[in-house]
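Structure record follows, encoded as structure tokens.
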Amino acid sequence: MSKKIIVLLLLGNILLLSSCLGSRVGMLNKSNDDEKADARLKQIIESIKNKDKERIKVMFSEQALNEAKDLDERIDYLIALIKGNVESWDRIGGSVDETNNYGHKQIKSSFRYNVYTEQEQYLFSILEYTKDDDNPENVGVYSLKVINVKDEEPKFSDAGIYKPEK
């Protein structure tokens, strides 16, 4: 009887410890996803600051480049939109969706940031596929939406760079 109790206690401890490990791995992945998104934002900000159109363009996935309308014109718009030097930014939201279909993974991240210059405040929204085993042409930024916060909230759906229609 006492052997059964000991075995049950050991099994219970194993289950408890393995469940803690799973949540720890999840927290580590979340931290890594946040770091990747923050690094992408820094690349975008640096490219805008340097007016580096090609560097901005190569961040986009092949699929986004195929679907985006007037990307070169929209990159010009984006560079002209940002007034002043970026002083700070903060992440205001984000999510990562991961699907695993029999070992074929797709990871899509969506993050939003407040970005502050000495003159204005902007909202950046970045949708990026960081992994897609079945469709590698999806890997990269799919959409980048940047608005001045004093402007109306845009619809975040199209590939490429958001530019309001006037």
Fill in: Sparse-neighbour loop sites [GluC sites (Glu not before Pro); region 69-166; at most 15 other C-beta within 10 Å; DSSP]
Glu118, Glu120, Glu152, Glu165
Worksheet entry | Taking Tyr113, Tyr102, Tyr162 and counting other C-beta atoms within 10 Å, the order from fewest to most | Tyr102, Tyr162, Tyr113
Worksheet item: Among the listed pairs Lys51/Lys163; Lys36/Lys145; Lys36/Lys163; Lys105/Lys150; Lys57/Lys83; Lys51/Lys105, which are separated by more than 29 Å between their Cα atoms?
Response: Lys105/Lys150; Lys51/Lys105
Response to the item:
Least to most buried among Ile6, Ile147, by other C-beta atoms within 10 Å and fewest first, runs Ile6, Ile147
Practice prompt. Amide H neighbours of Phe60 under 5 Å, at least 5 residues apart or on other chains, H built in the peptide plane: list them.
Written response: Val141
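All of the numbers you see were taken from the coordinates with simple rules; none came from a lab. Since the model is a prediction, treat every value here as computed from it, not as a measurement. In this analysis, Cβ positions are derived from the backbone assuming ideal geometry, glycine residues included, and neighbour counts consider all displayed protein chains.
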